[in-house]
Each structure stands twice: as C-alpha cells, then as structure tokens.
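Remarks on the structure that follows.
Laboratory data are not the source of any read-out in this text; all were calculated from the coordinates shown. Computed from a prediction, not measured in an experiment: that's the story for all the values here. Backbone-built Cβ (ideal geometry, glycine too); neighbour counts: all protein chains shown.
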Amino acid sequence: MQVLDRVKSRLDRPITMIGLMGSGKSLVGRQLSAALDLTFIDSDQVVEQTAGISISEIFELAGEAKFREMERRAIRDAVDAGTVVLSVGGGAVCNAKTAALLNSRSIIVWLKANPETLMARIGSTASRPLLQGGDPLAILQQLAEERQDDYAIADLTVVTDGMSGNAASDAVLRALDSHLAVT
C-alpha cells in the first residue's frame with residue numbers, strides 16, 4: 001500500500017497547517033487536500049469573505065482582537081466540517097481557546113522555516129499587517145521566537161527551508177503516514 005493510500009485510509013480528523021506567514025500553509029494545504037481528495041479551508045479567506053474586507057482592513061478598522069475572534073469562529077466551523085485540510089493564520093494557535101480546539105480535534109502540522117526563507121517567500125509586505133512599521137525580517141525573527149512555544153503543540157513538524165511546495169507536501173504526507181501508523 002502506498003503512503004497516500006495509507007494516509008487516506010487512516011485519517012479520521014482534520015489536518016491543520018500552522019506556522020509563520022510564508023511557511024507554505026496555504027500552498028502545502030491546497031496540494032495536500034488535492035492529493036487526499038479533501039476540502040481545503042483557509043481560515044484567513046473565510047474571515048475575509050465573512051467580513052467583506054481584507055485582513056489588513058480588519059486590523060485597521062476593528063483591531064487584532066476582533067480579527068482573532070472572527071478567526072476562532074472560522075476555525076471552529078472548519079473543524080466541525082469533518083475531515084478537511086485547514087490552513088490557519090500564523091497567530092491562531094497563540095490564542096489558548098483556538099489552540100485547545102485544534103489540539104483536541106485535529107492533527108496539527110507545523111510548517112517551520114527560518115525567517116530569511118520566510119522573507120524571500122513573502123516578497124511584498126503590503127498585505128501583512130504584522131510586518132508594517134519596522135524591519136520585516138526583524139519582526140519575523142521576533143515572531144518566530146515569541147511563537148515557538150505556541151507552535152510546539154503540533155503533532156508533526158516539517159522544516160520547509162529549501163523545499164518546493166511539492167517537496168513540502170510529500171514530506172507532510174510521509175510524516176502523516178508515520179504519525180497515523182502509531183496513533
């Protein structure tokens with residue numbers, strides 16, 4: 001039996017992609033959902049669709065706390081949807097309630113990359129409210145340090161430095177295969 005078939009046959013809950021912006025959560029999540037024939041949900045997109053404005057505008061008009069509240073609702077609804085692949089915002093698991101929900105109801109995959117890799121992937125910071133008002137690389141380094149413990153709740157960690165999206169998706173599939181074999 002191939003890795004993909006084993007993962008499909010054993011998977012019984014959502015897969016949640018976490019990590020800093022630029023880590024590949026959306027790209028790898030989409031590829032993984034296509035490979036596993038599952039629905040892909042990006043919590044940031046759900047929040048934007050619900051609000052009718054961009055995340056940057058939500059931050060500007062209502063603040064980060066309001067965004068995190070909307071994000072938590074979107075994540076709860078996604079987890080309630082069954083076996084899906086979910087990509088969440090970089091700060092989602094910094095909220096204790098959101099982290100507890102994901103930890104109890106999904107397999108959490110941390111896509112980890114060093115800040116220099118993340119900066120190269122992000123390019124423009126215009127749509128990244130947390131990178132405004134300072135040196136983006138320094139901000140990413142600070143976020144990586146601050147969120148290290150929050151991201152450590154992950155069931156699986158895949159380091160994506162130097163990997164293409166396809167290579168990262170394959171690495172996640174292999175990690176899921178190993179994880180599901182022992183759980």
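Rounded to whole numbers, the Karplus 3J(HN,Hα) couplings from phi for segment 107-120 are 8, 9, 10, 8, 8, 10, 8, 6, x, 5, 4, 4, 4, 4 Hz, using 6.51 cos²θ - 1.76 cosθ + 1.60 with θ = phi - 60°, and x at Gly and Pro.
With respect to the chain, whose longest principal axis is taken over its alpha-carbon atoms, helix 64-80 is tilted by about 20°. The simple spin-label model puts a point 7 Å past each Cα toward its Cβ; for Asp149 and Glu60 those points are separated by 3.4 nm.
In this structure, the amide hydrogen of Val159, modeled 1.01 Å from its nitrogen in the peptide plane, lies closer than 5 angstrom to those of Lys112, counting only residues at least 5 positions away or on a different chain.
With axes computed from alpha carbons, what is the tilt in degrees of helix 25-36 against the longest principal axis of the chain, rounded to the nearest 10 within 0 to 90? The two axes meet at around 20 degrees. Positive-end ranking of Gly91, Ile58, Leu176 along the dipole of segment 3-178, with charges on Cβ about the Cα centre, is headed by Leu176.
Averaging over all projection directions, find the projected area of the Cα convex hull of the chain and quote it in nm² with one decimal place.
Numbers: hull surface 39.4 nm².
For the chain, averaging the hull's shadow over all directions gives 9.9 nm².
The slack in the chain from Ser9 to Glu69, taken as 0.36 nm per residue of separation less the alpha-carbon distance, amounts to 18.2 nm.
Let's test the formula: R0 of 41 Å, r as the Cβ-Cβ distance of Thr39 and Gln142. What FRET efficiency results, to the nearest 0.05? Show your work: numbers first, answer last.
Details: r = 34 Å, r/R0 = 0.83.
Efficiency, from the Cβ-Cβ distance: 0.75.
Given the DSSP H assignment, sum -39500 (n - 2.57) over each helix run of at least 4 residues in the chain and divide by its residue total; what's the result at 222 nm in deg cm²/dmol, nearest 500?
Numbers: 9 runs with 106 residues, N = 183.
Value at 222 nm, helices only, nearest 500: -18000 deg cm²/dmol.
Once backbone amide H atoms are built at 1.01 Å from N, Ile107 has Ile15, Thr16 as its partners under 5 Å, excluding neighbours fewer than 5 places away on the same chain. A simple charge model with +1 on the Cβ of Lys and Arg, -1 on the Cβ of Asp and Glu and nothing else charged puts the dipole of segment 3-178 at about 420 debye relative to its Cα centre.
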